[in-house]
1. Would you mind telling me the share, in percent, of accessible area of the chain contributed by carbon and sulfur at probe 1.4 angstrom?
2. Using +1 at the Cβ of each Lys and Arg and -1 at the Cβ of each Asp and Glu in the chain, identify which of Leu248, Val208, Met274 lies farthest towards the dipole's positive end.
3. Quick one: Karplus J couplings for region 46-62, per residue in order, coefficients 6.51, -1.76, 1.60, θ = phi - 60°, nearest Hz, x for Gly and Pro?
4. Using +1 at the C-beta of Lys and Arg and -1 at the C-beta of Asp and Glu, which of Trp236, Gly258, Gly286 has the Cα lying farthest in the positive direction of the dipole of the chain?
5. Between Glu261 and Glu195, what is 0.36 nm times their sequence separation minus the Cα-Cα distance? Round to one decimal in nm.
6. Quick check for you: with a 1.4 Å probe and neighbouring chains kept, what is the accessible area per residue of region 26-129, in Å²?
7. Between region 518-590 and region 128-186, what's the alpha-carbon centroid distance in Å?
8. Express in whole angstrom the spacing between the alpha-carbon centres of region 327-355 and region 16-87.
Amino acid sequence: MGLDAAVLTDVLDGGYADIRAKIREQLRDSASVLDDAETMTRAEFRERVREVLVETAATGMPGLGFPVEYGGGNSVGGSIAAFETLAYGDLSVLVKFGVQFGLFGGAILQLGTKRHHDAYIADIVAGRLLGCFAMTEHGHGSNVAALSTVATYDAEAGEFIITTTRDDAYKDYIGNAAQHGELAVVFAQLVVGGESHGVHAFVVPIRVDGQPAAGVRIEDDGPKMGLNGVDNGRLWFDGVRVPREAMLNRFADVTPDGTYESAIENANRRFFTMLGTLIQGRVSVGGAGVSASKVALAIAIRYALRRRQFETGQEGDGESEQLLLDYGQHQRRLLPLLARTYALTFAQEVLVDQLDAVFSGQTTDDHARRELESRAAGTKALATWHATRTIQECREACGGAGYLAVNRFAALKADTDVFTTFEGDNTVLLQLVAKGLLTAYSTEFEDMDQLQMVRFVANMALETVVEQTGVRKVVERVRHLIPNQNDGEPDLRDPGYHLDLLRWREEHMLASVARRLKSGIDAGEAPGAVFSRVQDHLVATAHAHVEALVLSAFIAKVDSLPASEERQALVLLRDLYALSTIEADRAWFMEHGRLSSVRSKLVTAEVNRLCREIRPIARTLVDAFAIPEELLRARDLLGE
Ligand SMILES: Cc1cc2nc3c(=O)[nH]c(=O)nc-3n(C[C@H](O)[C@H](O)[C@H](O)COP(=O)(O)OP(=O)(O)OC[C@H]3O[C@@H](n4cnc5c(N)ncnc54)[C@H](O)[C@@H]3O)c2cc1C
């Protein structure tokens, strides 16, 4: 029978195969946009991208995540599947979609109430009303709580006055701002009766008949490293008045006479609750990173199956020079990245299912919501870093040909680079993950900032930290991992062993980071200084946590499949992901006595063996991504 790419595609596509199939069709039809990105001027290309957005909006696909009554499809999971598939194509188109439907539309849907939904959503879904999500300021990006745009309530007029209060408080990098946006969801500090209530969101007209609205100044951000089909820009507000109803009031409101009301008393918690409703964009970008990695790998692996360099004197297929993918080093470069791409696909699937459950109201548990937010942050960070690394490696693996724009790497590199920054800077996101781990996602700690978290951990008895992280249980469980403590070493291809190792690393790191925080505070150091000193440790802990989550998702996926060639192929990829991850951190495992030096070398040998076993099925494994040929576009490179 042999390995069947179509069967693997079904496994990869998961529950949204129909939606993905439709998007693949649309991508085939609009594939010429890839050429346009290279041949058009920036101004022309922006218009072209807008055209594609409006045309695609007419098909209903981009609105999938919105309620049916406004022309949507009521499926958050479906909308993310659509977005992930769109990421096989031009990424300016993708990001313009993300800004319009995910950020702008998503903010109105999630933070607004019926009056806002009735007023805007149908037009947004249909692509008739384009808008912006104006959160970031030049002075503050990651630290959103410190924004300096202010919305002051004027009770007499029943209006908010939106003002850019400082030189660096203008909104910056805002998608759709430079040219196409008519409205913006503006995040600003709300001031009522002289009292500040923290950051809230307001719908503000920024452009009327193509011209900046009164009191609004707009500047173009100009050429960017990539994504030049998206019109990013800057916004200044000089006392712009909007009606009281312009405040997106799902979580808080101001009465006409100027009384501030919110069901969530704590300002920090209110703010994090608001932000929590916006994680769909983060989940989408992570998924897009995985898709972009698939495009790069499909091209590089297919190239490596055509390109020959050097005679090696090996018995082979009768050709004098050897195929690149028959070189051990070439396998080493590409196949662990392929395995990690599969792993992240399944981790992303778990995340999307959880997101869908929470957003559809199926899961209402607060703890589950916080875990979801953490998983979204961690998966986005790992998936987008993976994209940057994979695309670079694949470019190099195609030699000079990889450098030609026609072969897609130029755009892939330039356009995906910023995925590590927007929708939350990856390093900052991993700190969020670490905070969740240290506070065990408890409600009472939701509203803590970093310094409060340090104090909290420091004030816990060490016993509690150890108890909370469950480290003791793990130590018991993994006693068998310690070399020379039992007779037989675990099988190197045992997924349970792999997962134990990764979990042990995570939990050991977590307990030791908690100890370090505590001992710093106990010694009288300032919380900020302690935090800064252990920050790399915190980030590494979060990283370790997410790698373990990704492996669990892969193991669960394989376990769910019936015995077949496809399952067997996934077993090889799963083991390669696990062992190459362990290998990458083998110094740490050796330092902590979990791998002997002999065992560490065996891990490396096993990674090499797995690469050789995967080599014959590598083509099928990338064909399974089902990327339309028109998008691979590698006429020269692949000669196919
Ligand atoms: C092309 C593009 C499109 C965008 N679109 C939008 C949009 O439509 N709407 C919108 O609101 N925003 C948008 N953004 C803004 C984007 O979300 C921010 O750039 C991002 O959140 C990072 O903020 P920053 O640029 O201020 O970086 P900073 O927060 O200043 O970070 C700079 C560096 O410092 C590090 N750093 C920051 N804080 C810490 C810390 N506590 N500890 C350790 N290291 C730290 C970060 O890791 C990073 O490497 C866009 C940006 C770009 C480039």
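1. Details: 12560 of 25190 Å².
Carbon and sulfur atoms account for 50 percent of the accessible area of the chain.
2. Result: Met274, furthest along the dipole toward the positive end.
3. Calculated HN-Hα couplings, in order: 4, 5, 4, 5, 5, 4, 4, 4, 5, 4, 5, 4, 5, 7, x, 4, x Hz.
4. About the Cα centre, the residue reaching furthest to the positive side is Gly286.
5. Values: separation 66, 0.36 × 66 = 23.76 nm, distance 1.28 nm.
The Glu261-Glu195 span can extend by a further 22.5 nm.
6. Working: 3600 Å² over 104 residues.
Result: 35 Å² per residue.
7. Value for the Cα centre distance between the two parts: 38 Å.
8. A separation of 25 Å, based on Cα centres.
The values are calculated or read from the model by the stated rules, or taken from the named source; none is laboratory data. If you're wondering where the values come from, they're calculated on a predicted model, not measured in any experiment. Note: ideal-geometry Cβ built from the backbone for every residue, glycine included; neighbour counts use all protein chains shown. Side chains are part of the model used for accessible areas, which takes the heavy atoms of the whole protein and leaves out ligands, DNA and RNA. Shrake-Rupley method; radii C 1.70, N 1.55, O 1.52, S 1.80 Å.
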